[in-house]
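What follows is a single structure, written as structure tokens, with notes after it.
The values are calculated or read from the model by the stated rules, or taken from the named source; none is laboratory data. The structure displayed is predicted, hence computed values, not measured ones. As a convention, Cβ positions derive from the backbone with ideal geometry for all residues, glycine included, and neighbour counts pool all protein chains shown. Ligands, DNA and RNA are excluded from the accessible area calculation, which covers all protein heavy atoms including side chains. Shrake-Rupley method; radii C 1.70, N 1.55, O 1.52, S 1.80 Å.
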Amino acid sequence: QVQLVESGGGLVQAGGSLRLSCAASGSGFSINTMGWYRQAPGKQRELVAGISSTGNTNYADAVKGRFSISRDNAKNTVYLHMNSLKPEDTAVYYCNKVRFPQIAWGQGTQVTVSS
């Protein structure tokens, strides 16, 4: 059974940077389009960035130009590089497949941006 483990979150001041990592166990990682999602308190989970098996990327308008998604298929890991962080980026960040069926959600990693 594939498992996802997110890490790298923390508390950062506005304008700061963080790099999130998502390690996936099991096989088949490299063929899947992977995404980073976030869920802020009281809001629905939203997709903020995606990366295809061939490295094509796309981003939600709210993070475009500030976030960058990448992957290392040899390590079964996907990354989210976050720059120019804003208080509204505060959320729990998760990774998962973009297409269904998705993998069971991991615990996520908390990102808190102070103003």
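Here are the numbers for this structure:
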| item | result |
| --- | --- |
| Area accessible to solvent at I51, 1.4 Å probe radius, in Å² | 10 Å² |
| Accessible area of V113 in the full protein assembly, 1.4 Å probe (Å², nearest 10) | 10 Å² |
| Solvent-accessible ranking of F29, F100, largest area first, probe 1.4 Å | F100, F29 |
| Accessible surface of the stretch 1-91 [probe 1.4 Å, protein heavy atoms]: carbon and sulfur percent | 46 percent |
| Per-residue ³J(HN,Hα) for the stretch 68-85, Karplus 6.51 cos²θ - 1.76 cosθ + 1.60, θ = phi - 60°, Hz, x for Gly and Pro | 9, 9, 8, 8, 10, 5, 5, 9, 6, 10, 10, 10, 10, 8, 10, 10, 6, 5 |
| Karplus 3J(HN,Hα) series, Hz, for the stretch 28-42 with 6.51 cos²θ - 1.76 cosθ + 1.60 (x for Gly, Pro) | x, 4, 5, 8, 9, 6, 10, x, 9, 10, 9, 9, 8, x, x |
| Distance between modelled label sites at S70 and S115, nm, 7 Å Cα→Cβ extension | 3.3 nm |
| At R0 = 30 Å, FRET efficiency that the Cβ-Cβ distance of A104 and A62 yields, to 0.05 | 0.70 |
| log10 of Debye I(q)/I(0), alpha-carbon scatterers only, for the chain at 0.11 Å⁻¹ | -0.31 |
| Heavy-atom accessible area ranking, 1.4 Å probe, most first, across E88, E46, E6 | E88, E46, E6 |
| Phi to ³J(HN,Hα) by Karplus 6.51 cos²θ - 1.76 cosθ + 1.60 over the stretch 9-25, Hz, x for Gly, Pro | x, x, 9, 9, 7, 3, x, x, 9, 9, 10, 9, 10, 9, 9, 10, 8 |
| Where Cα atoms sit under 21 Å apart: lysine pairs in the chain separated by 8 or more or lying on different chains | 6 |
| About the Cα centre, charge dipole magnitude for the chain (Lys/Arg +1, Asp/Glu -1 at Cβ), debye | 100 debye |
| Loop trypsin sites (Lys or Arg not before Pro), the stretch 64-106, which have at most 16 other Cβ atoms in a 10 Å radius of their Cβ (DSSP) | K64, R66, R99 |
| Accessible area per residue, Å², the chain with all protein chains present, probe 1.4 Å | 53 Å² |
